[in-house]
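These notes concern the structure reproduced below.
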Amino acid sequence: SQQLRLTPEPPLETTMPRPISIEYLDEIQDGFNQHDVDAILSTFTTDCVWLMARGPHAPEGQKCIGKKEIGDVLRARYHDIPDMRWEEMRHWICDDTKALSEWVVRGTPQNGHPFEYLGCDLWEFKNGLVSKKDTYWKFVG
């Protein structure tokens, strides 16, 4: 008797890569502004790294590794800051694997005061997906 062998579909990272473009960066940012964690994570590699603007470890702040950790951090952030948004967006594409986004992030934590920071993301891409997001904010105070 013959057995039917099913091969799983290749992970998204091995499918045809999407080129970096201003439109693609806008789509990623739309996911952040819509608080759509699944949409955001669909643009990240499985082993992605996010270096957050603040955190307990020098020099990188908080380092999140992998989709699960990044998703957990984003869900907690959106719960705590339900009106968090990135505005005044500008993007630059450096080459096939790197891009830069500048923005003003605004929001009000549930138990805090409104904030407004000028910041940027340094993006690295692998096969058309975000492999690293390094975030910086100007902190006034």
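The values are calculated or read from the model by the stated rules, or taken from the named source; none is laboratory data. Computed from a predicted structure; not experimentally measured. We place every Cβ from the backbone using ideal geometry, glycine too, and count neighbours over all the protein chains shown. The area values use the complete protein model at the heavy-atom level, side chains included, leaving out ligands, DNA and RNA. Shrake-Rupley method; radii C 1.70, N 1.55, O 1.52, S 1.80 Å.
Return the residue satisfying two criteria in turn: it lies in segment 55-66 and is open to solvent by less than 60 Å² (accessible area, probe 1.4 Å) and within 13 Å of the chain's Cα centre (by Cα), and of such residues it is farthest from G107 (Cα to Cα).
Among them, the one singled out is G66.
If you check D95 against the conditions, is it free of Cβ contacts under 8 Å to residues at least 12 places away in the same chain and not hydrophobic (A, V, I, L, M, F, W, C)? Show your work before the answer.
Numbers: free of Cβ contacts under 8 Å to residues at least 12 places away in the same chain: yes; not hydrophobic (A, V, I, L, M, F, W, C): yes.
For D95, the condition - free of Cβ contacts under 8 Å to residues at least 12 places away in the same chain and not hydrophobic (A, V, I, L, M, F, W, C) - is met.
If we keep just the residues of segment 67-78 that are without any contact (Cβ under 8 Å) to a residue 24 or more places away in the chain and more than 17 Å from D30 (Cα to Cα), which is least open to solvent (accessible area, probe 1.4 Å)?
Here is the first cut: in segment 67-78, the residues without any contact (Cβ under 8 Å) to a residue 24 or more places away in the chain are 68-69, 72-73, 76-77.
Checking the rest, the ones that are also more than 17 Å from D30 (Cα to Cα) come to 68-69, 72-73, 76.
Working: K68: 147, E69: 72, D72: 74, V73: 31, A76: 60 Å².
Restricting to residues being without any contact (Cβ under 8 Å) to a residue 24 or more places away in the chain and more than 17 Å from D30 (Cα to Cα), the top hit is V73.
Being touching a strand residue (DSSP E or B) at 6+ places or on another chain (Cβ under 8 Å), more than 19 Å from P17 (Cβ to Cβ) and open to solvent by 60 Å² or more (accessible area, probe 1.4 Å) is the filter here, so list the residues in segment 98-136 that pass it.
P114, E116, L118, L122, Y136
Got at least one residue in segment 42-54 being open to solvent by less than 40 Å² (accessible area, probe 1.4 Å), among the β-branched types (V, I, T) and over 15 Å from T135 (Cα atoms)?
Scanning segment 42-54, I find at least one residue that is open to solvent by less than 40 Å² (accessible area, probe 1.4 Å), among the β-branched types (V, I, T) and over 15 Å from T135 (Cα atoms), so the answer is yes.
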